[in-house]
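Since the structure comes first, as structure tokens, the remarks are kept for the end.
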Amino acid sequence: MAAGGVPTRVAITGGAGFIGRSLGEHYRALGAEVVAIDVRSDDPDVVVGDTSAPGPWQEAIEGAEVVVHTAALVSNTSGLQRAWEVNVLGTRHVLDAAARAGVRRVVHLSSVRAFSDVDFPAEVDEHHPVRPDGHEYVDTKIASEQVALQAHAGGEVPVTVVRPGDVYGPGSVPWTFWPVVGIRTGTFAIPEDGSHRFSPIYVDDLVEGIVLAAASEAASGQVLTLADGAVSNLEFFGRYYRMLGREPELLPAAEVAERFDAAGVGADTVDYLLRRHSYSSAKARALLGWAPAVDLDEGMVRCEAWLRASGLLDG
């Protein structure tokens with residue numbers, strides 16, 4: 001362990017993805033050696049391997065003090081079998097490698113969707129039971145948590161489960177890139193009157209929470225929700241419409257589902273955008289001293305700068 005509680009070596013699965021890449025940059029800035037593992041990458045510094053199957057990629061975890069497991073199939077259209085292979089079986093393979101390597105902590109990234117897309121109480125917290133609802137991402141994320149917490153309970157390796165809210169920021173496919181492209185191409189719209197709840201968390205705030213969770217002994221064996229309150233869908237996605245100089249498009253949920261299905265993101269995504277409530281991060285605030293530093297105004301300024309630099313707001 002380096003000075004200040006920073007691990008000397010960190011292994012990140014999904015290390016070439018949006019969250020994994022941001023996390024790796026943060027750990028490197030703190031002075032840690034970072035090993036990124038991903039299913040594909042043109043970067044020669046990334047260890048290429050499919051976590052859904054055992055393989056040489058597991059050897060890259062040797063010598064790591066901390067493993068952050070971000071690799072997942074984030075899709076509503078992949079099919080249950082493939083989602084299980086990646087999200088559940090893949091988690092088991094990461095835990096096996098971490099246990100053999102004797103790592104100090106595995107941080108497993110789950111999702112607030114473990115509470116279900118269907119119904120949950122206002123300001124739901126980690127005490128509330130998870131709820132399978134037939135959506136493959138929801139159900140496999142719940143199962144992946146069980147695998148991770150089982151490994152912790154069995155004394156194989158210390159684990160912390162983190163449930164992020166709706167992570168946005170430069171490079172986010174579901175909550176920055178895709179809505180903007182969808183608005184431009186007519187494949188995105190806001191369901192109903194736009195009043196349903198969205199729980200944004202800027203990627204830098206999520207990264208900070210993961211780093212704190214990995215370093216905290218009190219967080220070992222815990223499930224922690226990291227979200228930053230809630231706004232309406234109209235408030236969140238309306239900002240992308242304004243960046244494009246357009247008026248928000250509000251449509252009945254069934255019509256939005258047809259658009260999403262035609263765009264290949266899955267009609268089930270609409271269920272997620274019909275939430276009436278938000279999530280409590282009180283436990284993470286109390287246990288880790290975590291607090292979001294980037295509010296929605298600042299986060300969207302950064303998103304707009306990235307979108308403009310990428311040419312995604314042109315035309």
Candidate set from segment 258-282 (those that are over 13 Å from Gly182 (Cα atoms) and among the aliphatic types (A, V, I, L, M)); member that is modelled with the lowest pLDDT: Ala267
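Could you look through segment 17-38, keep only residues that are free of Cβ contacts under 8 Å to residues at least 60 places away in the same chain and over 17 Å from the mean Cα position of the chain (by Cα), and pick out the one that is surrounded by the fewest Cβ atoms within 10 Å (Cβ to Cβ)? Step through it out loud before you land on a result.
Keep residues of segment 17-38 that are free of Cβ contacts under 8 Å to residues at least 60 places away in the same chain, which gives 17, 20, 24-25, 28-29, 31-38.
Right, trim to over 17 Å from the mean Cα position of the chain (by Cα) and you get 28-29, 31-35.
Values: Arg28: 12, Ala29: 9, Gly31: 12, Ala32: 20, Glu33: 15, Val34: 21, Val35: 22.
The qualifying residue surrounded by the fewest Cβ atoms within 10 Å (Cβ to Cβ) is Ala29.
Here's the yes/no breakdown for (1) surrounded by fewer than 21 Cβ atoms within 10 Å (Cβ to Cβ); (2) within 18 Å of the chain's Cα centre (by Cα):
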site	(1), (2)
Ala148	no, yes
Ala151	no, no
Val167	no, yes
Pro170	yes, yes
Thr176	no, yes
Arg184	yes, no
Thr187	yes, no
Gly194	yes, no
Kindly evaluate Ala83 against the criterion of being among the small types (Gly, Ala, Ser), more than 16 Å from Val35 (Cβ to Cβ), at pLDDT below 95 and buried (at least 21 other Cβ atoms within 10 Å of the Cβ). yes
Picking from Val124, Val118, Val162, Val130, the residue that is closer than 20 Å to Tyr279 by Cβ and buried (at least 24 other Cβ atoms within 10 Å of the Cβ) would be Val162
Inspect all residues belonging to segment 130-140 and state whether any of them is without any contact (Cβ under 8 Å) to a residue 40 or more places away in the chain and either part of a helix (DSSP H, G or I) or touching a strand residue (DSSP E or B) at 6+ places or on another chain (Cβ under 8 Å) (or both). yes
For segment 39-76, give me each residue that is buried (at least 24 other Cβ atoms within 10 Å of the Cβ), among the β-branched types (Val, Ile, Thr) and part of a loop (DSSP other than H, G, I, E, B). Thr51, Thr70
If you go through Gly171, Gly182, the only one that is touching a helix residue (DSSP H, G or I) at 6+ places or on another chain (Cβ under 7 Å) and on the phi > 0 side of the Ramachandran plot is Gly171
Just for segment 102-120: of the residues that are aliphatic (A, V, I, L, M) and outside any loop (DSSP other than H, G, I, E, B), which one is farthest from Asp268 (Cα to Cα)? Val106
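The values are calculated or read from the model by the stated rules, or taken from the named source; none is laboratory data. In this text, all values refer to a predicted model and were calculated from it rather than measured experimentally. FYI the Cβ positions are ideal-geometry reconstructions off the backbone, even for glycines, and counts take in every protein chain you see.
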